[in-house]
Structure formats: structure tokens, C-alpha cells
Amino acid sequence: MSHRLILSSLCLGLLLPLTMAAQTAAGAQQEDPEIGVVEHLEDYIPEDIHIIAVNGDTVQLKSLIDKPTILNLVYYRCPGICSPLMNGLAEVIGKSDLVLGKDYQVLTVSFDPTEDTSLAVKKRRNYYTQIGKEVDPEGWKFFVADSANIVNLTESVGFKYKKTGNDYLHSATLIVLSPDGMIARYLHGTYFLPFELKMSVIEAGKGKSGPSINRVLQFCYSYDPEGQAYVFNVTRVAGTLIIFIALVILAFLLAKPRQKRTEINQ
């Protein structure tokens, strides 16, 4: 096991409960955002969504999902976050020891109804070359759709976006589906660890849903612009752990006098 995987595991194990508790408390007070993601964990992809493949065939989305599936919502001519998102996806596919097309698949769907299959073909060619290793071309499929099906799909998974001129404001998110089409996990951001991908795929394959762990990993890792890589943030994590341990010790010391008084009274 690599040192990075060990650090990620420790970070998740120690900080995930604290982070999720804070997210739960905050989420209870927040309304649905205009732009972003409202997580619909354990909801199912509707049966009536149809999308268009690069060969022009219209297919039922649900019928394509027969293994753990990563749903990637973008628009192909996006000048902003879509390219980093898909670059990050291609990078983690290349680094992962999971087999694309066998252990899991990726379905990329444009949410811009004006885009046609020629753009999908071009993007498919570009991102296959970025993976950096030979993969099953059927493992990552690209689609477009009409406006009615796009609305149905984005609403069913909680993907919120806003049209501004000819472009869209939206978040960078991957949606992990179980083999029967259940929403099992959301992966937020544009950088994904192989550990994170593998955990998500394995748990989705078992039909288990889980909280978003990307926020925890982003807390544990910081981007180094000079090295152009994510590095483990020892100072941040160590500081958090020190505070946590100090609180535990304080709670113990406060509880000890009470215990002694109870013993004396007895």
C-alpha cells in the first residue's frame, strides 16, 4: 500500500465523522442552491430518460447501466470547468487499477440541447488519448440529448445549472450509480484520487450509498502550483488532530472529578 493511500485512509477515518456531522448540521439549514448539486442519494435514475449516442441512436439511459457507472454531466464547448473535470476523470482512469468497461463504466452526457453528436465524437477522441493506457472504448461513452430529457435527467440527480448567454454556470461533479441505477455517491471537484474512485465503484457495486468524501480529501490535500500536484497538508491535518485530542483530554479531566465525587458519595 502506498504512503499516499495510507494517509488518505487515515484522513478519512479520523476526519470523516467530524466533517459529515458538520455538513449534516449545515445542510439542514440550507435551501436548494440555484447552481450546484442537491444530493439525491439512494434515488433511482428514471426509466423514461432517453439520450443520443454518437452513432445517432436514441437509447434508454437506464438500459445502459449494468455495472457501477460514473455519470458525467458537462457541455462539450464549455470554456470553463468542464475541461478540468474531464481531464481529472481521464487522469484517474489512467491511474486506477480498476478496469474501465469491466469493473465500471463512464457515461458523459451533454446538458446543452443545442450540441450534436459531432462534438461528442470529437471529445471522445480527445479524452481517450489523455487516459494514457489502453482501455475498452465502450467503457467511456459520450451522448447528447434533447431539452426535455436533459431536464428530466438533471432534476433527477439534483444537478443545478443556469444559462448565461450562450454558456452555463454549473458545478464540477461526478455521479456514481449502482448497477441497478441507484445514486450511490457524488464526487465533487476536478481532481480525484484513485483511492476515492475505487472506494466509490466498489461500494456502488454492492448497492451501498455513501457521503461525499471529496470534501474531506480536499481538506487533507493542498494543491502545490510549483510541483503541479496535490500534497498531503501535514500542518492542517496535524493541527486538527491536536485540537481533537486536546478536547478529548479536556473532556476526560472534567469527567474525572465527577467520577471521584460519585465514589465518595457512595
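Each reported figure results from applying straightforward, stated rules to the coordinates on display, with no laboratory input. Quantities reported herein were computed from a predicted structural model and do not represent experimental measurements. For neighbour counting, all protein chains shown are included, and Cβ atoms are generated from backbone atoms with ideal geometry for every residue, glycine included.
Straight-line cross-link partners of LYS141 among the lysines, defined as a Cα under 20 Å from its Cα and at least 8 positions apart when in the same chain: LYS62, LYS67, LYS95, LYS102, LYS122, LYS123, LYS133, LYS198.
Take the Cβ atoms of LYS102 and ARG77, set R0 to 41 Å, and the FRET efficiency comes out at 0.85.
For the ranges 190-196, 247-253, what's the packing order if you count other beta-carbon atoms within 10 Å of each residue, average per peptide, and put the highest first? Walk me through the intermediate numbers first.
On the way: 190-196: 20.7, 247-253: 9.9.
With the highest mean Cβ count within 10 Å placed first, the list reads 190-196, 247-253.
Annotation: for a label point projected 7 angstrom from Cα along Cα→Cβ of GLU34, residues of the stretch 139-173 with backbone N closer than 12 Å are 161-164, 169.
Does the stretch 50-193 come out rounded, prolate or oblate, given a ≥ b ≥ c as the square roots of the eigenvalues of its C-alpha gyration tensor, rounded meaning a/c under 1.5 and, failing that, prolate meaning a/b above b/c?
Working: a/c = 1.33, a/b = 1.22, b/c = 1.08.
Cα axes put the stretch 50-193 in the rounded bin.
Rounded to the nearest 0.05, what FRET efficiency is calculated for VAL151 and ALA255 with R0 set to 51 Å and r the Cβ-Cβ distance?
Efficiency, rounded to the nearest 0.05: 0.40.
The residues packed around GLN130, meaning those with a beta-carbon under 15 Å from its beta-carbon, carry a net charge of +4 if Lys and Arg are +1 and Asp and Glu are -1.
At a threshold of 8 angstrom on Cα-Cα distance, excluding pairs fewer than six apart, so keeping six or more, what relative contact order does the stretch 37-83 reach in percent? Write out the running numbers ahead of the final one.
On the way: 23 pairs, mean separation 10.2, N = 47.
With pairs under 8 Å counted, the relative contact order is 22 percent.
Under the simplified labelling scheme, the GLN60-GLU42 pair shows an inter-label distance of 2.6 nm, with each label point 7 Å from Cα along Cα→Cβ. 3J(HN,Hα) couplings calculated from phi for the stretch 178-183 with the Karplus curve 6.51 cos²θ - 1.76 cosθ + 1.60 (θ = phi - 60°) are, in sequence order, 6, x, 9, x, 7, 6 Hz; Gly and Pro show x.
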